[in-house]
Amino acid sequence: MERRKTVPVNVGGVVVGGAARVSVQTMTKTQTEDIKGTLAQIERAAAAGADIIRVTCDTQEAAVALREIVKGSPLPIVADIHYDAPLALRALEAGVACLRLNPGNITDSAKVAEIAGEAKRRGVPIRIGVNAGSIPSRKELVRGRGATVEDAAANMVEAALGHIRILEELQFLAIKVSLKASDVPTTLLANRKFAELNLPYPLHLGLTEAGPPSTGVVKSAIGIGTLLAEGIGDTIRVSLVADPEEEVRVARQILASLETQPSGPNLIACPTCGRLEIDMVPMVKQVEAAMAGIKRPLTVSVMGCVVNGPGEGMHADIGIAGGRQKGIIYRNGRVLATLPEEQLIGRLVDELERIAAEDRELLARGLPLPSGLPEETPTLAPLPMARR
């Protein structure tokens, strides 16, 4: 699958577009003025695998807080600006790595020129973020009063082009673009129409106001995943009524599901049925938590019966297959141990946490992560096989 060709932009050291991998973004849910709380949320998002994070800047107090947030953040900060030109300048002074800004929403052209000039001087790109529900013109087409998907998508692209022209006339070309709706068909069509224009600007994908995880994950996976599979998109955000780290986990899973060579952990777990012979649901939750810190490509299986479990276990890097209050631990395609059910998950979690700690150490030292698990003698010592 060939990605749409774009000119890369640099967001605080994270390259978006060009040949760079698709990056994952999220947004803080705290009041920006709460510096401690905002930084804590950013830390959790970074630990979950975020590359970039957006922070709202809608008050003078928020602009002041951005200085400390930028200094303490492990991730590049995108300042979310809408109509207030002075706040955009304050955010740039605070050292943000990118602005989310629609220049056409600022009525004073001299202010737009000042923002673009200062951003260019600092090497800060601007993301033009078009949302279907907040386009300044022809809103009746976008908000559903007789509008078709075609109308809404065309209007979004028209709005994006209008904002782009303003920056291009100012010789500002470090541009990213997003075209988001709260429904999948409009989001797909708007991004496809924009991609057909063959403009060089990277695309940020997402569905705006996607909803709670129960529905938002499905809509986001379909919308973002479809576009990525078509080669459209350079950076993504899953917008959920949930913590930023949950958005990041879903985004990472969308990317992992599309990769022929996984770049992170992958959990295989049976959906459970009448054949289930161990207490699967709490086991899966414990394994998910233990896998959160693993960064290497790694397949973990948690299976609850003897029908599919052994086969999945043999294909996983590490995993368990349960049956009748006991189970088998597999590693690299071979049986490592048979354990009582009450010991099974604890031994697997211990090993996953050890792998996560090893990944953190390798990353801290700037060393490459291995793929899967080495063949050397494992931490988990083999135990005698129990009789069936």
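Read-outs: derived from the displayed coordinates by stated rules, not from any lab. What you see is a predicted model, and the numbers here were worked out from it, not measured in a lab. Quick reminder, even Gly has a Cβ in these numbers, built from the backbone with ideal geometry, and neighbours come from all protein chains shown.
Observations
- Under the membrane-span-like helix rule (DSSP H runs whose alpha carbons stretch at least 15 Å along the helix axis, mean Kyte-Doolittle hydropathy -0.5 or higher), the chain yields 35-48, 60-72, 149-169, 184-196, 213-229, 244-258, 280-291, 341-364.
- Sorted by Cβ neighbour density within 10 Å, fewest at the top, the residues Phe172, Phe194: Phe172, Phe194
- Taking the DSSP bridge list for the range 9-258 and keeping only pairs wholly inside it, about 10 percent are antiparallel.
- A dipole drawn for the chain from +1 and -1 charges on Cβ atoms has a positive end, and of Leu66, Thr6, Ala45 the residue lying farthest that way is Thr6.
- Cross-link partners of Lys326 among lysines (Cα-Cα below 28 Å; sequence separation of 8 or more within a chain): Lys285
- Cα-centred dipole magnitude for the range 9-258, charges only on beta-carbon of K, R (+1) and D, E (-1), debye, nearest 20: 280
- Distance violations [Cα-Cα > 20 Å] among Lys36/Lys71; Lys111/Lys180; Lys180/Lys295: Lys111/Lys180; Lys180/Lys295
- Distance from the Cα centroid of the range 95-119 to that of the range 220-238 is 27 Å (rounded to whole angstrom).
- Where only DSSP H runs of four or more residues are counted, the chain gives -13500 deg cm²/dmol as its mean residue ellipticity at 222 nm, each run worth -39500 (n - 2.57).
- For Leu367 and Lys29, the difference between the fully extended length at 0.36 nm per residue and the C-alpha to C-alpha distance is 118.4 nm.
- Among Val335, Thr299, Leu348 the positive-end extreme of the charge dipole of the range 283-361 (Cβ point charges): Val335
- Ignoring aspartates and glutamates fewer than eight residues from Lys219 along the same chain, the ones with Cα atoms less than 14 angstrom from its Cα are Asp183, Glu209, Glu247.
- Legend: calculated FRET efficiency, Ala154 to Lys285, from the Cβ-Cβ distance at R0 = 45 Å, rounded to 0.05, equals 0.50.
- Ranking of Cys273, Cys98 by count of other Cβ atoms within 10 Å, fewest first: Cys273, Cys98
- Residues Ser371, Ser214, ranked from the fewest to the most other C-beta atoms within 10 Å, line up as Ser214, Ser371.
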